[in-house]
Amino acid sequence: MREARSNEERAALAGELRGLVWQAIRCPNANHALQKCIEVLPAQATNFIFDELAAGPDGCGGGIGLAARHRYGCRVLERLVEQGHSDWYGALLDALVADSAELSVHAWGSYVIQSTLEHAPRKWRRKLHRMIERNIGLADTKPYARAVISKAIENAEDGELASLAQAISSRPGLLSRMACTRHGYPGVLHLLRALAGAEVHEIRRQLTEEMDTFRRTRYGRIVVAVLKDIADAAPEQ
């Protein structure tokens, strides 16, 4: 694909994958060729990839959810989400949003939702934010849900950040569980650095109460250090 001298040559090479998309998705080597097609070809030249993927391996539909839950299929979907600007793009994002609660707690599916939070147009990111807030309790016990929440926090706009902060802080113990874990602490740090007003004061209050607990965990100690830096930088009253 890299050696092809024109889009026509690349499209011809990609055409050899027609009818074989699901075989490529399941192959540890061929899935990379599929990803490269999506990365380098014009959007219209990848329509067949989406059509075959959405149809599923048996042609009966439901393929987007199946691919998102596959260790290689999730990577192909991430490339499709990143590409955008295709006739099928809205259908892809609608399917991911509808399945987002279950995908957010899945080892591979959570990566697709994170990619959507980062790259999708705002219309769909706002839908995802609402889904995440409604299902915030999943993060109590599901580490991959914490990774999705962290990504949502990092890509929040306007009032979304405050709304997410309120949802998290209203769930007893959730902020602490996020702060002590690999998937959750990046979101907590972003809240501390980006929030203002009453929301950040509540976040800091809850975290400060757990300082002794945080000092016993690797990621909690990072949160403690940031809290201390914020306290040191605050103007004296």
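Rounded if a/c is under 1.5, else prolate if a/b is larger than b/c, else oblate: which is the stretch 96-206, with a ≥ b ≥ c the root eigenvalues of its Cα gyration tensor? Oblate, since a/c reaches 1.5 and b/c is not below a/b.
Under the combined filter of DSSP loop state and at most 15 neighbouring Cβ atoms within 10 Å, the stretch 16-54 retains these trypsin sites (Lys or Arg not before Pro): Arg18. Distance from the C-alpha centroid of the stretch 15-87 to that of the stretch 109-141: 21 Å, rounded to the whole angstrom.
When the GluC sites (Glu not before Pro) in the stretch 151-209 are filtered for DSSP coil states and for at most 12 other beta-carbon atoms within 10 Å of their beta-carbon, the remaining sites are Glu157. 3J(HN,Hα) along the stretch 50-56: 5, 4, 5, 4, 5, 5, x Hz, from the Karplus curve 6.51 cos²θ - 1.76 cosθ + 1.60 with θ = phi - 60°, whole Hz, x for Gly and Pro. Positive contributions from Lys and Arg (+1) and negative ones from Asp and Glu (-1), summed over other residues with Cβ under 10 Å from the Cβ of Asp140, come out at +4.
Note on Arg193 and Arg218: with the Förster distance fixed at 22 Å, the Cβ-Cβ geometry gives a FRET efficiency of about 0.65.
Quick check: net charge around His70, other residues with Cβ under 15 Å of its Cβ, Lys/Arg +1 and Asp/Glu -1? Taking every other residue near His70 into account, the sum is 0. Viscosity 1.567 mPa s, temperature 4 °C: give me the Stokes-Einstein translational D for the stretch 11-136 in µm²/s, with Rh taken as the Kirkwood radius over C-alpha pairs. In µm²/s, the coefficient rounds to 90. Placing one equal scatterer on every Cα of the chain and applying the Debye formula, the log10 ratio I(q)/I(0) at q = 0.07, 0.09, 0.13 Å⁻¹ is -0.29, -0.45, -0.79. Against the empirical 2.2 N^0.38 Å (N residues), the stretch 79-152 has a Cα radius of gyration ratio of 1.01.
Using the Cβ-Cβ distance between Arg18 and Arg122 with R0 = 35 Å, the FRET efficiency computed as 1/(1 + (r/R0)^6) comes to roughly 0.55. On the basis of the beta-carbon distance and an R0 of 45 Å, Asp232 and Asp87 show a calculated FRET efficiency of 0.25. For the stretch 143-187, trypsin sites (Lys or Arg not before Pro) are listed when DSSP marks them as loop and at most 16 other Cβ atoms sit within 10 Å of their Cβ; the list is Arg182.
Taking every DSSP helix (H) stretch of at least 4 residues in the chain, weighting each as -39,500 (n - 2.57) and dividing the sum by the residue count yields a mean residue ellipticity at 222 nm of -19500 deg cm²/dmol. The tail of the calculated P(r) for the stretch 167-236, taken as Cα-Cα distances beyond 13 Å, holds 61 percent of the pairs.
Taken together, the values in this text are just the output of simple stated rules run on the coordinates, not laboratory data. Since we're looking at a predicted model, the values are computed, not measured. Using ideal geometry, Cβ is built from the backbone for each residue, glycine included, and neighbour counts are taken over all protein chains shown.
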